[in-house]
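Everything below concerns the one structure shown next.
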Amino acid sequence: MFGYITVDKPEMKVKDFYRYKAYYCGLCKSLQENYGLKGRVTLSYDVTFLVLVLTSLYEPKEEKSESRCPVHPIKKIPILQNEISRYGADMNLLLTYYHFEDDWKDEKSLKGIAGIHFYKKQAKKICKEYPRQSCVICKKLRELAVYEQKGETDIDLVAGTFGHLMEELFVLKKDRWEPYLRKFGFFLGKFIYIMDAYDDLEKDLKNGSYNPLKPFYHSRTKEEYENSVREMLVMMMAETGNAFEHLPCVEESQIIKNIIYSGVWSNYNKIQKEKQEKEKNVK
């Protein structure tokens, strides 16, 4: 995953921030319990958000505990877990496995083949338990690989492919909330993909790597390019927010709103600041 779905800590109440951290640590513990250290290293903020939204919607039984970890070895930290934490752990590991599989197919990298062998046994088990999600993740990642090989320049098409992958993860079960969860996950996924392409553009221009935003960059002035990307990102999060407002999320709603209306822009603002500093240094 990409790590763009984070909180805006300065705008959060202290109690909300520590509760969010407890969910993050709960996902980490679920990864450790189910898959050991190799599960824990796949931990991501994006899947923490998945757990947070689904927990707020379905309100499963909460399991509170405290534990030490390598990052916090001295003081015990609060942990929140539930059945959705374990679902998140499974999706986290499955995404990691398919990422390594694509690396091997596309680049024949040693990292890819090592990752496949490292996670293959656990991934097979998850595929049997969640065949729908597994099938879509595999299919959409392969489609993205094909687009990359072809040099596809339709950003809406490519980002939409990742959006379809994300929407499937948010559909924990087929019920009345499925249409809104699909819309929520789809536009959030598009936002993540576009943000990642925007973040990587300078690096990809230097090394000649694939990036669907290159045509935007080359066909517009710098100001037009920046405005176009921001408009796309704003549109994606507006649709995400609209879908969220249809979900009866009460518990943790303030944390979720902090993330979708403010936190997701933290990395964007960081990129903007770095660009401005580079421009000052050049001058």
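Structure above, values below:
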{"item": "Taking the C-alpha atoms of the chain, convex hull volume expressed per residue in Å³", "result": "149"}
{"item": "Sites LYS273 and LYS173 - FRET efficiency at Förster radius 41 Å, r taken between beta-carbons, to 0.05", "result": "0.50"}
{"item": "Residue pairs, from the table LYS21/LYS270; LYS76/LYS183; LYS9/LYS124, whose Cα atoms sit over 32 Å apart", "result": "LYS76/LYS183; LYS9/LYS124"}
{"item": "Rg and Dmax of the stretch 149-260, Cα atoms only, in Å", "result": "15.8, 47"}
{"item": "Relative contact order [Cα under 8 Å, 6+ residues apart], the stretch 1-81, whole percent", "result": "36"}
{"item": "Amide H contacts under 5 Å for ILE77, placed H, 5+ residues apart", "result": "SER67, ARG68"}
{"item": "Calculated from backbone phi, Karplus (6.51, -1.76, 1.60) coupling profile of the stretch 17-28 in Hz, x at Gly/Pro", "result": "5, 5, 5, 4, 4, 5, 5, 4, 5, x, 5, 4"}
{"item": "Helix 266-282 axis, angle to the chain major axis (alpha carbon atoms, nearest 10°)", "result": "40"}
{"item": "Mean Cβ count within 10 Å, highest first, over the residues of peptides 175-188, 224-237, 21-34, 83-96", "result": "83-96, 21-34, 175-188, 224-237"}
{"item": "Tilt relative to the chain, helix 131-150 - C-alpha long axis, 0 to 90 degrees, to 10", "result": "20"}
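Read the figures in this text as sums done on the coordinates, not as results from a lab. Predicted model, so just to flag it, every value in this text is computed and none were measured. No Cβ is skipped: glycine too gets one built from the backbone with ideal geometry, and neighbour counts run over all protein chains shown.
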